[in-house]
Amino acid sequence: MPALGADMEAGTLVEWLIKPGDWVKRGDVVAVVETQKGAIEIEIFSEGVVSELVVPVGAKVPVGSLIARIGVPGEAPTPPVTAFPAAPPTPAPPPTTTPVATALPALRGGKITPAARRRAAELGIDPAGLLGTGVEGAVSVADVEAAAAHSAPVSLVALPPRRAGFDSAEMRKAIAAAMGRSKREIPHYYLSHTVDLGAALAWLAAFNDSQPVPNRLLPAVLLLKASALALREVPQLNGAYGDGGFKPGPGIHVGWAISLRGGGLIAPAIRDADTRSLPELMSVMRDLVQRARAGGLRSSELASSTVTVTSLGDRGAETVMGIIYPPQVALIGYGSIGSRPWVVGKRVKPRPLVTVSLAADHRVSDGHIGALLLIAIERLLQEPEKL
Amino acid sequence: MSASTQITYREACRQGLRDALLNDPKTFLMGEDIGRYGGCYAVTKGLLDEFGEERVRDTPLSESAYVGAGIGAALVGMRPIVEIMTVNFSLLALDQIINNAATIPHMSGGQFAVPLVIRIATGGGRRVAAQHSHSLEGWYAHIPGLRILAPAVLEDARFMLAAALADPNPVLIFEHVMLYNIEGELDPAVTSVDIAHAKVRRQGTDVTVIAYGNGLFKALTAADTMATEGIEAEVIDLRVLRPLDTATLLASVAKTRRCVIVDEGWRSGSLAAEIGMRIAEQAFFDLDAPLRRVCGREVPMPYAAHLEDAALPQPADIAAAARGLVRPA
Amino acid sequence: MSDTETKSMIVELLSAIAPEGDFAALVGTEDLRETLDLDSMDFMNFVVALHERTGIDIPEADYPKLRTLDGAIAYLAR
């Protein structure tokens, strides 16, 4: 039973998606577990043939309990699937004489194989923004064909039926535990900064004008990408704090705070957010929102964030001063974008402004470092075409 | 009707040589220890007794001299079949092979032909260490004017020699030392083979594995392992290392869209590098994954058994490379 | 499509986004975002769903016209 959050103690197995005899590989979804945060899809990180499902449907077991046995065919059973690592492990190098292939991690950044590009053209699909499962994270023919089979991107007219959905009282308890712990243990300091979004919103309007409705972007995408890119410049704010001190994150995996209808908050990770294009980020965000609300988030999405970004949206308050989600060391918050007075040259003019705030762990960084991040975000948002 | 056609690779080679000596009085054999000793690998055992000293000639310990003599004999119309004990010793005859055998037809404007066949044992795995375990057939495949063959299966061991003798140009036949003892059924329907085409030894849909010689059997073992995992590999036996049957390779890659090349030679500048480049040049848009090769480690061959095994491509390496293309981590 | 049919289509699409909303009590002139607590992602998904259902490409400049039920019905009737 994996730990899907710092405070999770137990989970209820509500559905098995594998059976003995099935072959599983890294990344396959094998079960659905009910937690305080709702129904979460559990991914597996080993490979082999399922030999035994140990826990029956409906059982509630502590984190760390054995729930299934996976064996490599023809060999003695391997150690059982138990506690989930804090971050998904990097792929083990295969025992071959091909040093180039073993050294490269699964990269993002819009790779596509020649065959997949051809297939996408044949099927009339835009390969940009597709998630790749090929070698080195490239979009492969299988990914293109899967996208074609699902036709329209995130069509919300037909939402999948909700699985055993989240219980808002339970979720509230989980949030209370996490936030309580955070305020008790983490010495927060706060910085805030006001950013002129005139250039960014003008660029966005022009971009959206040239796009059909389903491909348009929300301002939140720009804020998310700017946050992720700024963290490249200030890596001290991206990672986790534990017994050994601060450990920088293996990538910039931004937890995107999503509020759930009926109360509740969840922040699934957008992995390698700094390497993804704006359309890809938009598509990922929409998918996460849909799955957060309808059920279907995956365990790796809940456990791998290296930082959290929260945005109040256009109908919220001017500033948000958030609480860091342990074991992260920073939370970036955006208030709502509004037209407010700003000095341009020597005059006061109304401009679309947003207040960006940083809540940071004072054990790991000081105000000077935190300020660098906010200045970087401001700078990045003045050149939206480069995001 | 006839007795079981159970045969060893060694015996298949021997029968090929015997046929050649029986069918054409112009053929004769030359090499170190092939006569009285019966051959370093026992391939020519009994042939001296059957055909006599004129047809089965033990040579002095000088590759350059007797390969040169073979070239001379071929130039005047004989059909010598020269045996070089291993590819390691062929280095002493490189000048003869490359500058004479491969080049005389060209330099003479076609006035002189060199219908020479050289049989060479090759490869590692016998714990004979750095100077006696080379796989240099990839080097020879670099030389215009030579045809390079690598029989792996029994039919090829039996019948490639006859086709090589019919070729008016020099042909080098590389017999992998670990194959001499393999045993199997010879298909009685096969009475000749071509020396132009590669052959698909196992059909598959998910990944193409290209191999030759001993590597072929390792690739087939890897394919069996992968089949238990639901991955169907297509395994191609190159058979002819020069000229390469690129068409067969490209057709397979067009189908599977992924390729692993197995080559016992050292990786850098290997035959696998040439094959990989051809596929990249001509099948780039068919590829759904990067090309991979599994080659010998770039070290002089170790003597210790476990180190030699680690230095050579093994079925697990091939399976891992292929699996990694079909099911990336 | 008649106004009644348009209204039921809009309600259908909105109920997929805000399932707990009280659609029977919806007042035509109220801001849907306030009444149904729709954020910008929800509103965008509504516009996308409208686009997929009707085929109409709605420019961003027209989004404000869709903020009330009456406004949306009138916009789609054109």
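The values are calculated or read from the model by the stated rules, or taken from the named source; none is laboratory data. All values reported here derive from a predicted model rather than from experimental measurement. Ideal geometry is used to build each Cβ from the backbone, glycine not excepted, and the neighbour counts take in all protein chains shown.
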Subject >> Pair list, Cβ under 6 Å, 6 or more apart: segment A:203-222 residue closer than 19 Å to A:D314 by Cβ and at the interface with chain C (Cβ under 10 Å from one of its Cβ atoms), other residue part of a helix (DSSP H, G or I) and polar (S, T, N, Q) >> reply: A:R216/A:N208; A:L218/C:S40
Original post:
What is the number of the single condition among (1) within 28 Å of A:P127 (Cβ to Cβ); (2) not in a strand (DSSP E or B); (3) not charged (D, E, K, R) that A:A317 does not meet?
Top reply: (1)
Subject >> Answer residue from segment A:310-336, given it is within 14 Å of chain C (Cβ to nearest Cβ) and touching a helix residue (DSSP H, G or I) at 6+ places or on another chain (Cβ under 6 Å) and is farthest from A:G251 (Cα to Cα) among those >> reply: A:D314
Original post:
Looking at A:G64, A:G21, which is the one that is within 14 Å of chain B (Cβ to nearest Cβ) and in a loop (DSSP other than H, G, I, E, B)?
Top reply: A:G21
**OP:** Say whether the condition of being within 29 Å of A:W23 (Cβ to Cβ), touching an Asp or Glu at 6+ places or on another chain (Cβ under 6 Å) and at the interface with chain A (Cβ under 8 Å from one of its Cβ atoms) is met by at least one residue in segment B:271-294.
**Re:** yes
Original post:
Quick check: is even one residue across segment B:119-128 within 19 Å of B:V171 (Cα to Cα), without any contact (Cβ under 8 Å) to a residue 60 or more places away in the chain and of a type outside the set (D, E, K, R)?
Top reply: yes
Original post:
If we keep just the residues of segment A:111-133 that are over 20 Å from the mean Cα position of the chain (by Cα) and among the small types (G, A, S), which is farthest from the other protein chains (Cβ to nearest Cβ)?
Top reply: A:G124
Original post:
Is there a residue being buried (at least 17 other Cβ atoms within 10 Å of the Cβ), among the small types (G, A, S) and under 24 Å from A:A267 (Cβ atoms) anywhere in segment A:46-62?
Top reply: no
**OP:** Please give the number of the condition C:S40 fails out of (1) within 12 Å of chain A (Cβ to nearest Cβ); (2) over 21 Å from A:A220 (Cα atoms); (3) among the hydroxyl-bearing types (S, T, Y).
**Re:** (2)
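Here's the yes/no breakdown for (1) of a type outside the set (G, A, S); (2) touching a strand residue (DSSP E or B) at 6+ places or on another chain (Cβ under 6 Å); (3) within 30 Å of B:E185 (Cβ to Cβ); (4) not assigned by TED's automatic domain parsing to the domain that holds B:H142:
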residue: B:M30; (1), (2), (3), (4): yes, yes, no, no
residue: B:G68; (1), (2), (3), (4): no, no, no, no
residue: B:L75; (1), (2), (3), (4): yes, no, no, no
residue: B:H106; (1), (2), (3), (4): yes, no, no, no
residue: B:V117; (1), (2), (3), (4): yes, yes, yes, no
Subject >> Count of residues meeting criterion [assigned to a helix (DSSP H, G or I) and under 21 Å from B:G35 (Cβ atoms)] in segment B:84-103 >> reply: 4
Subject >> Selection within segment B:237-285 - in contact with a helix residue (DSSP H, G or I) (Cβ under 8 Å, 6 or more places away or on another chain), crowded, with 21+ Cβ neighbours inside 10 Å and within 21 Å of A:A121 (Cβ to Cβ) >> reply: B:V253, B:R257, B:R258, B:A283
Subject >> Scan of segment B:304-329 for residues that are crowded, with 20+ Cβ neighbours inside 10 Å, more than 9 Å from chain A (Cβ to nearest Cβ) and not in a helix (DSSP H, G or I), ordered by number >> reply: B:L312
Original post:
In segment A:245-265, how many are assigned to a strand (DSSP E or B) and closer than 14 Å to A:R293 by Cα?
Top reply: 4
**OP:** State the number of residues belonging to segment B:270-303 that are over 19 Å from B:V207 (Cβ atoms), without any contact (Cβ under 8 Å) to a residue 40 or more places away in the chain and part of a loop (DSSP other than H, G, I, E, B).
**Re:** 3
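Scan segment B:103-110 and tell me whether some residue there is touching a residue at least 40 places away in the same chain (Cβ under 8 Å), of a type in the set (V, I, T) and farther than 21 Å from B:R10 by Cα. Working first, answer last.
Taking segment B:103-110 and keeping what is touching a residue at least 40 places away in the same chain (Cβ under 8 Å), we get B:103, B:105.
Subset that is of a type in the set (V, I, T): B:103.
This time we only want the ones that are farther than 21 Å from B:R10 by Cα, so: B:103.
Taking every residue of segment B:103-110 in turn, at least one turns out to be touching a residue at least 40 places away in the same chain (Cβ under 8 Å), of a type in the set (V, I, T) and farther than 21 Å from B:R10 by Cα.
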Subject >> Failed condition for B:N169, given (1) assigned by TED's automatic domain parsing to the domain that holds B:V67; (2) buried (at least 22 other Cβ atoms within 10 Å of the Cβ) >> reply: (2)
